[in-house]
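Student: Have a look at this one before I ask anything.
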Amino acid sequence: MAALETAKAGTWMELDAATRKRQFRAFVLLSLRVAPLTSSDLPLGELGAHLFSSQERNAAGSAVARTLVLLVPGNVRVQSDVVTEGALPAVGVVETGLAPALVVVLVTACAVAAAYLGSMGVEAIHAVNFNDEVTKRMLATQARVLEVLSLHVERERIAGHELPFDETERALLHSLEDTQRRLATLQRKPLPTPFAGATEFVRSAATSILPLAGIILLAMYFLNQPQQRRS
């Protein structure tokens, strides 16, 4: 809960280094737990298209997982599971550079990202730019998404079946994906795929054309002003 509050407030750098590391690891673990959108006891970090019954649920899980992928450098390689405990140094094999000529244990981009983020020490955690406004906004939105989806999955557990996302949930998920797309653009890379078969949200043609339509209408209004004054 402390990690979620820190993310929503964007106050990571106000924490001492050890507390920041513990909270950020908790944030990563919670993201891994929520991403499959199920109350079933899956192995932590197990993700795949087979877990989701619809493209929209897949897109929701993909958005949660994608945040972790966007936070790590593109040349990170993980050769084993990473074990962490509190603020102690993590145990595992993480390196940067060219891919080793070995079979990588963690096969999804999300799992690799989570292992890297979980392994970061007090110094290495500065690799995440907590002061960058787009990064802070993404983490804040992720925290709200984690809260909302956790409650959604609990309602499904009580109901005994899947429930559709409501408009508030859907709007929040769209906001997260939009922020991720903005950060990916700033990083000059395509929106990453956190696992095989991951999807993005489908936006209606009306929704996607509204911003452009607004710009066109404003341009027409201002262009017509001189003509109206002459008349």
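Student: Quick one: Ile158 ticks every box in (1) loosely packed, with under 11 Cβ neighbours inside 10 Å; (2) of a type outside the set (D, E, K, R); (3) in a loop (DSSP other than H, G, I, E, B) bar one, so which box is it?
Tutor: The one condition Ile158 does not meet is (3).
Student: Turning to a different aspect of this structure: Consider only pairs whose beta carbons are under 8 Å apart and that are at least six residues apart or on different chains; among these, list those whose first residue lies in the stretch 14-32 and is within 19 Å of Leu68 (Cα to Cα) and whose second residue is open to solvent by 50 Å² or more (accessible area, probe 1.4 Å) and part of a helix (DSSP H, G or I).
Tutor: Arg20/Met13; Gln23/Ala2; Ala26/Ala2
Residue by residue, here is whether (1) loosely packed, with under 15 Cβ neighbours inside 10 Å; (2) at pLDDT 60 or above holds:
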{"position": "Ser31", "(1), (2)": "no, yes"}
{"position": "Gly45", "(1), (2)": "no, yes"}
{"position": "Gly74", "(1), (2)": "yes, yes"}
{"position": "Thr96", "(1), (2)": "yes, no"}
{"position": "Val103", "(1), (2)": "yes, no"}
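Student: Residue by residue through the stretch 130-169, note down the ones that are among the aliphatic types (A, V, I, L, M), more than 22 Å from Arg182 (Cα to Cα) and touching a helix residue (DSSP H, G or I) at 6+ places or on another chain (Cβ under 8 Å). Spell out how you get there, then give the answer.
Tutor: To start, the set of residues in the stretch 130-169 that are among the aliphatic types (A, V, I, L, M) comprises 134, 138-140, 143, 145-146, 148-149, 151, 153, 158-159, 163.
Now restrict to residues that are more than 22 Å from Arg182 (Cα to Cα): 148-149, 151, 153, 158-159, 163.
Result: Val148, Leu149, Val153, Leu163.
Student: Also, I was wondering about something else. crowded, with 19+ Cβ neighbours inside 10 Å, touching a residue at least 40 places away in the same chain (Cβ under 8 Å) and of a type in the set (Asp, Glu): does that describe Glu177?
Tutor: yes
The values are calculated or read from the model by the stated rules, or taken from the named source; none is laboratory data. Source: prediction; values computed, not measured. Cβ coordinates were reconstructed from backbone atoms using ideal geometry, including for glycine residues, and neighbour counts include every protein chain displayed. These accessible areas exclude ligands, DNA and RNA; they are computed on the full protein's heavy atoms, side chains included. Shrake-Rupley method; radii C 1.70, N 1.55, O 1.52, S 1.80 Å.
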